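Here, each number is a calculation from the coordinates, and none is a lab measurement. Owing to the predicted nature of the structure, the values given are computational and were not obtained by experimental measurement. Cβ placement follows ideal geometry from the backbone for every residue including glycine, while neighbour counts extend to all protein chains displayed.
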Amino acid sequence: MRVLIVDDEPLSRSALENALRARNDIQALDCANDAVDALELLQKKPYDVLLLDIQMPELSGIELADRLNKRRQPIPSIVFVTAHHQHAVAAFEKHAVDYVLKPFSNNRIHEALDMAIRRTEGERAAQLAKILPQLEELLSKPAKIAIKTKGRILFVDPADVVIIEAQGNYVLLQRASGSYLLRESISTMAEKLKPYGFIRIHRSVLVNSSFVEEIQPWPTGEYVLRIKGGKEYTVSRTYKINLKSLAKFWIGDDTFVAG
């Protein structure tokens with residue numbers, strides 16, 4: 001089996017490479033710093049499996065996969081590697097396309113690789129053709145969200161939203177420069193804002209992960225999450241698994257958010 005790792009993050013490349021070095025069924029293992037480098041390698045020699053990051057500069061993983069799909073050459077079995085986009089994960093599962101969600105375990109890598117290598121050439125091409133349109137739509141999401149408040153429709157950059165809190169039948173959308181009270185459920189907001197990096201830390205609280213600075217475990221099994229500016233929120237045990245998506249990698253002991 002010949003495997004090519006394509007990821008612009010050095011830590012991710014190293015983690016994938018270290019996981020695969022232990023396998024005895026890999027004849028060749030190469031790494032590319034980005035999709036452009038990967039194209040050059042793919043023109044020189046064939047690969048059986050591609051471990052492909054989605055978001056990369058200049059040429060995305062989706063664009064690389066699209067180019068491979070249009071070539072008159074055998075298509076490697078592609079395992080997409082993604083740090084977020086939970087909606088994309090659902091699309092992968094629906095269409096039976098392999099994926100690995102960062103942060104990943106070695107076992108998950110091996111499972112995906114085993115499944116990928118069993119795919120025939122025809123299956124690879126068919127599944128890739130199914131998934132590419134869904135991924136392109138997901139990654140081309142609008143830069144702003146529209147909210148209706150006080151008879152007006154405002155366009156808000158989700159990157160400016162810090163916290164969303166449930167207040168009865170309403171939610172309070174808080175920005176650094178102001179807030180808006182909207183008639184909407186917290187569950188609906190969680191679903192709509194998940195692709196923008198929002199995670200649910202409590203049944204009544206959503207937080208923009210880009211504003212999170214620190215988390216602290218409590219003996220009760222709950223956690224305290226501090227955002228920029230110093231304000232703190234309690235993370236309930238029910239939602240503690242969502243803390244995994246705060247970072248691509250957890251260096252050191254990450255068991256306190258895994259269990």
D157 label point, 7 Å along Cα→Cβ, cut-off 17 Å on backbone N: hits in segment 186-212? 196-198, 208-212
List, in the order given, every pair from K150/K194; K44/K130; K102/K240; K70/K102; K102/K192; K45/K70 whose Cα-Cα distance in the structure shown is over 19 Å. K150/K194; K44/K130; K70/K102; K102/K192
Label-point separation in nm, T220 to T188, each point 7 Å along Cα→Cβ: 3.1 nm
Distance between modelled label sites at Q27 and H110, nm, 7 Å Cα→Cβ extension: 2.3 nm
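Suppose the chain between Y196 and M1 were pulled fully straight at 0.36 nm per residue; how much longer would it get relative to their current alpha carbon spacing?
66.6 nm
Explain nothing, just the number: dipole magnitude of segment 144-238 about its Cα centre with +1 on each Lys and Arg Cβ and -1 on each Asp and Glu Cβ, in debye rounded to the nearest 20. Please report the intermediate quantities before stating the final value.
Values: 14 positive and 9 negative charges, 77 e Å.
Its charge dipole is roughly 360 debye.
Over all directions, what mean area does the Cα convex hull of segment 1-48 project, stated in square nanometres?
On the way: hull surface 12.1 nm².
Over every viewing direction, the Cα hull of segment 1-48 projects on average to 3.0 nm².
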Applying the Karplus parametrisation 6.51 cos²θ - 1.76 cosθ + 1.60 with θ = phi - 60° to the phi angles of segment 200-209, what ³J(HN,Hα) value in whole Hz is obtained for each residue in order, glycine and proline being reported as x? 8, 10, 7, 4, 10, 9, 10, 10, 6, 4
Pseudo-spin-label distance N18 to D37, built 7 Å along Cα→Cβ, given in nm, is 1.8 nm
Net length gained if the chain between K144 and K244 were fully extended (0.36 nm per residue, minus Cα distance): 33.5 nm
For R23, what residues show an amide H to amide H distance below 5 Å, using hydrogens built from the backbone and excluding near sequence neighbours? none
